[in-house]
Each structure stands twice: as structure tokens, then as C-alpha cells.
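See below for the structure under consideration.
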Amino acid sequence: DGVPVYNAAHILGIFSIFNSDAIRSAELYKGAIPSRFGGRLSSVLDVRTKEGNEKSFNSKVSLGLISAKATIEGPLKKEGSAFLVSYRRSLLDLYLKPLSKFTYQNRTNGSGFSTYVYQDLNVKVNSAFGKRDKVFLSFYSGSDNYIDNQAWFFETENSSLVSRKEGQRLNWGNTIGSFRWNHIYGNRVFSNTTFNYSRYNFSLKSFYGRKETASDTLSVEEFNLAQYVSSIEDLAIRQDFEFFPNPNHEIRFGATAIIHRFDPNLLAIDQDSEIQNINVSFDNGLDDELIRILTTEKQVFDGAIYLEDKFKIGQKFSGNIGLRGTFFDAGNTNYFSLQPRLMLNYKVKPNWDVFGAFDKLDQPLHLLQRSGIGLPSDIWVPSADSIPPSNGWQTVIGSKLNFKDKYEVGIEAYYKKLNNLITYEAGARLDQVNNDNWQDRVTSGIGYSRGIEFWVAKKIGETNWRLNYTFAKSDRQFDNISQGEIFPFRYDRRHFFKARFNKKISAKWNFAGTYVYGTGNGVTVPIASFRITSNNPAFQNQPIEVEVIDKINSFRMPHYHRLDLALNWRSVRPKSTQKMQLGIFNVYNRQNPLYIAIRESFDTPGESELQQFSLIPFLPSFSYSIEF
């Protein structure tokens, strides 16, 4: 509904935050991005929620093994206003926690548990005032919470008792709200005035510790703790106009103003760290509370104006041409940018389209991510006096062919160049990062992305299917990292394939399946590590852990692939609709990686190895829903 969402995924991308019961439409812009969208270097997914039924009350309840959902909508007053409320909660924690407890307890001298829960709430209200004015209120709140705690102990050959603990706590969530006033000036002009609020919170606490006791009086403990806490809050006003001078032109223009507030924090400590007011040990490292670090919030201003014309010339030629101008106030420095956008489409024949696009893009917000292993750590920071906005351009060319409106075949190629990207410097000390010092720990560089996508689909009939394959490459280059060598981006996914299938068996039954395959993400794995003691006063003469890195993102996580199958039943009656689904998630029990980490070997204590952490194995599912 026009409000930015800074993380659109549950379970690190396995499920979407968008509850289908609350969604009215979704439109994806990959390579031909209209000028009304800005502030991002990547694609735009424009999601619009349902506005509620103005004529009658409807309700829907769904219960399954993975999640439970409930939706209600109806009029507030007849033919003038309506509301919608939809809630969804995952049920994975009900059996993931006891199952993981059983697994950990059956490990030698082990204990612990894993649990994961996500939830979403959508609320929307609209009301008409006369024939020309209508207001919309929409609200969304969603959250993810993941906990994994493990502890175990064993006795070494020299009779020392070794205790080990590790834990991961990952939480993130979005809260967004929108007030929109729609006004009709006449048959050809109308406007939308929108007030938006958006807040994204992310927190990660990761702990690993080892304690060896040789006698009642002699013990050695070592641990490392990493904590990432980040929030970004937006308050925005937007004014949009649409003008239809004639059937061949749809002109849009408008402006937006946003105030961003940032609060990023990163903390990495071990048993030798001496940071004031922080007391962490082997015994309390798995406590629930995050360590609070007082920092100053950073506030910046972001503004833009745009103009675009969606046009049609004759029966064969159409397109969208636009221009976007942006302004970003970083404090002592102001950044301006002009971004032309162009999309052209030509109908060679009534069933054959050839298209091309060019976009210039600008992004004043930066996402700091580690290239190393472990859970993701998303920290948003704004452009600053010494850190200009990222910018780039991309070009797309493609063709699409329809056969008797039954089959569709397409090909699309793209190339993108990115500038002023930032990442952590090689060897940057990350014991404490916040708004006051993050600029001293980053370096800037460039990026390249290119790829080619093929698809073929059967869209009409009792059997429908769609196949997509993309061959892509995404690289980064920073002068101060890896001697300036080009290296693959973390999300460089060379091959991605997806197949969807749907078969109508009868009036009530249909069978569906989805198969997904993707190249594993690239991560940086150290080939060795050692400790040195620095005489630099900035490091307080503490021992420093030094990792030896061969190449950035040269290690590939295992490829991601899975097969999902479902048998669906649907019965329509005059006053109700019932649905049932029998399904299997991850049919052949692929252990897809959630993340990987370096841990002490279970088989050879004292030696390190890469360990993979997976979340959802083979999972039968059943759901039932009824709609009145």
C-alpha cells in the first residue's frame, strides 16, 4: 500500500510475509521500473491489500500443520465503507521445540532446543465522503523469532571435563501504517495524498563457548559473542496525481518527503574483551537479554519528485518514459540525482512482443552485511558526508511469444552496473559499531550484475505449468579488499530453476507441485586463525583474533533445492466455501542450509569443522479452511 517493507520474508526467505488472504494484487517490476518508484537499486514488488467487502460480511478460518489463519471483512455502513482484519501465525514451534529437545538429549551428554515462530496482522479500513473523496487506513505488523540453544559436556583423555555451549537468537519484524486520501477532480484527474509510517527492527545474538576444568581449582574458559541490533524508522508524506488527457496517454506526477531514523549497533566480544559496563562470561552468555549499548540516533531527510507518461502509438508501439529527481540531506552534505527511465514495447505480430528498457537508479540507504559464515546480520545505515548514495543503471532486452493464448515463451537479458557500494573493510575491528563510527570501518566499491532468463508456460486448460530458468552472475570489486580483485557477491546465484505444475482432476480436486533449485550462496571461510597481542593503545593491549582469508566468498554453501506437492479439495455451497489441502513440504527431505558455522568437531574434540544448520526437513502438512 505504498509503504516500504525492509524485510519481506519469513524464515530467511522460505515463506513470504504477505498473507494471501489479505492481498488484492501484486505487480513485479524487474527491469522497467516506472519513475514513481525510487530509492532502491533493485526490483520493486508493489503489493496492494484488500479493501474489505462493502456489501456483506465474510469470514475465513484456516488451520494447518504449518500455520493458522483467520480473516474477517465487511461493511461499516452500507455501500460507503468497509474493513478487513487478517491474522496468521505459524505453528512450527509446537513440534519443532519438543522434537529438537529429543534430538539434543539423545546426543551424548547434550541438552537444548530449537524453536521458530512467525506471525502477521493486516488491518484495513476505508470510508467514502461524498462522491469525490475516499480515505483508506491500513496497518501491518509482522515478526519472526528464532532460538537455538545447545549445551553438552564430555571428558577428555587426560580426565579434564569439557563443557560447551552455543546459542543463536534471531528476531526481526516490520510495523507499517498508512493513511491515504483519494480525491477525484474530474473524469480525467484524481490524486492520492498519503501519510506513511514504517519501522523495521532486527536483532541477532550468537554465542559460542568452551570451558575446560582440569581440577576443582583450575579451569579455562573461552567464548565469543556477536550481537547485531538495528532499526530503521520512516515517516513520510507523498502526493501523487494521475491525468488522462486522452486514451493513448496516462500521465503520473508527484512528490514525496521522508524522514529516516537509524539506530545500528554491532558488538563482538570474547573472554579477553574489556568494554565498560559489559559483563559477559561462559555462564551467562546464553541469557535472553540483548546487551544494551547507548548510542545517538541518526536522522536524515530524503525527498523526490517524478513525472512519467505511459503512452501508446498506434496498435504496435507502447512504452513508459519518465524522470525522477531526488534530494538527500546527509548533514553537512546534500546529494542530488536525476534518474531517467525508459521502457519500449513493440508488437511484431499480435502474439509477439519485443521490449527493452533503461533505468538509472539511486539508493541513499546502505545495507551492511558480513561476507563471513553464520546467520545474516542486516544493519541499515544512511549515506553520510563521506559516504555518497549508491547509484547504478541497468538495461534490459527481451521478447515474449504467445501461441493461441495457451502457451507463452519468453527470454529476457539484463546488465546492471552499480557504484558507491559499501562493505566492511578487510580486517575491520567489529567489537563495537554504531552511528558514531561505522563510517570508519567501511570501504566503497562497484558491482556488476548480468543474466539471462528463460520461461515457458501453459496458462489455459485443465493442466497448467510454468518453467523458469535464470543464468546469472553478480560480482563486486573494492580497492581495499582482496587486493582489488573481483569476487562474487554473497547472493551470486549462478543457476536458478523453478517449475510449477497444476492439474485439475475434477470439479472439486486438483493436484499441484513446485520444484525449486538454486546455486548456494557464496560465503567467506577462513583457512586458519591465530592470536596476536597488539601494542596499539586503541586495542587496549588485548589479544586479537586474526583470521587468514584466501578469497572472498569463494566457498559455496550447498545448493538449495526442494520439491513440494499438494492435493487440494474445494467445495462451493451457497453460503460457504470449504477447502482442504494435503501436502508435503520438502518431499525427499533435502537438508537445505539455514546457515553454516565453524564449530568444534563432535568426532574429534579440539579440532574445528564446518557445521551446517538446517531448519525444515521433510514435513507433511494438512490444512482446512472454511469461508462464510
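Here are a few things to note about the model shown:
- Within the stretch 584-612, considering residues that are under 24 Å from L565 (Cα atoms) and of a type outside the set (S, T, N, Q), the one most open to solvent (accessible area, probe 1.4 Å): Y588
- Some residue of the stretch 87-97 being aliphatic (A, V, I, L, M), farther than 30 Å from L307 by Cα and crowded, with 17+ Cβ neighbours inside 10 Å: yes
- If the condition is being closer than 20 Å to Q299 by Cα and either in contact with a Lys or Arg (Cβ under 6 Å, 6 or more places away or on another chain) or of a type in the set (F, W, Y) (or both), then the stretch 183-227 contributes F195, Y197, Y200, F202.
- If the condition is being over 27 Å from the mean Cα position of the chain (by Cα), in a strand (DSSP E or B) and aliphatic (A, V, I, L, M), then the stretch 203-258 contributes V220, I251.
- Tally of residues being among the β-branched types (V, I, T) and within 24 Å of R169 (Cα to Cα) across the stretch 568-614: 2
- Considering the stretch 264-283, and only residues there that are acidic (D, E) and open to solvent by 40 Å² or more (accessible area, probe 1.4 Å), the residue that is farthest from N149 (Cα to Cα) turns out to be E274.
- Test for R132: is it closer than 28 Å to L594 by Cα, without any contact (Cβ under 8 Å) to a residue 60 or more places away in the chain and either surrounded by fewer than 18 Cβ atoms within 10 Å (Cβ to Cβ) or in contact with a Gly (Cβ under 7 Å, 6 or more places away or on another chain) (or both): no
- Checking S198, S230, S206 one by one, the residue that is closer than 21 Å to R324 by Cβ, crowded, with 19+ Cβ neighbours inside 10 Å and small (G, A, S) is S198 and no other.
- Among residues of the stretch 482-497 that are in contact (Cβ under 8 Å) with a residue 24 or more places away in the chain and assigned to a helix (DSSP H, G or I), those with a Cβ under 7 angstrom from a residue that is surrounded by fewer than 18 Cβ atoms within 10 Å (Cβ to Cβ) and not β-branched (V, I, T), sequence gap 6+ or separate chain, pair up as S482/K551.
Table: residues versus (1) in contact with an Asp or Glu (Cβ under 6 Å, 6 or more places away or on another chain); (2) open to solvent by 50 Å² or more (accessible area, probe 1.4 Å).
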position: A22; (1), (2): no, no
position: L28; (1), (2): no, yes
position: G31; (1), (2): no, no
position: S35; (1), (2): yes, no
position: I72; (1), (2): no, yes
position: F83; (1), (2): no, no
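- Considering the stretch 105-124, the residues that are open to solvent by 50 Å² or more (accessible area, probe 1.4 Å) and part of a strand (DSSP E or B) include one that is farthest from W181 (Cα to Cα), namely S111.
- Residue match in the stretch 284-302 (condition: under 23 Å from F37 (Cβ atoms), aliphatic (A, V, I, L, M) and either open to solvent by 40 Å² or more (accessible area, probe 1.4 Å) or touching a residue at least 60 places away in the same chain (Cβ under 8 Å) (or both)): yes
- The residue of the stretch 136-163 that is modelled with the highest pLDDT, among those that are out of contact with any Asp or Glu (no Cβ under 9 Å at 6 or more places or on another chain) and either among the acidic types (D, E) or open to solvent by less than 30 Å² (accessible area, probe 1.4 Å) (or both), is D144.
- Only residues that are surrounded by 15 or more Cβ atoms within 10 Å (Cβ to Cβ), part of a strand (DSSP E or B) and under 25 Å from the mean Cα position of the chain (by Cα) were counted in the stretch 45-70, giving 7.
- Selection from the stretch 569-583 of residues that are of a type in the set (K, R) and either surrounded by 13 or more Cβ atoms within 10 Å (Cβ to Cβ) or touching a Lys or Arg at 6+ places or on another chain (Cβ under 9 Å) (or both): R570, K579
The values are calculated or read from the model by the stated rules, or taken from the named source; none is laboratory data. On a predicted model such as this, the values are computed, not experimentally measured, just so you know. Cβ sites come from the backbone with ideal geometry, for glycine too, and all protein chains shown count toward neighbours. Accessible surface areas use protein heavy atoms only, side chains included; no ligands, DNA or RNA. Shrake-Rupley method; radii C 1.70, N 1.55, O 1.52, S 1.80 Å.
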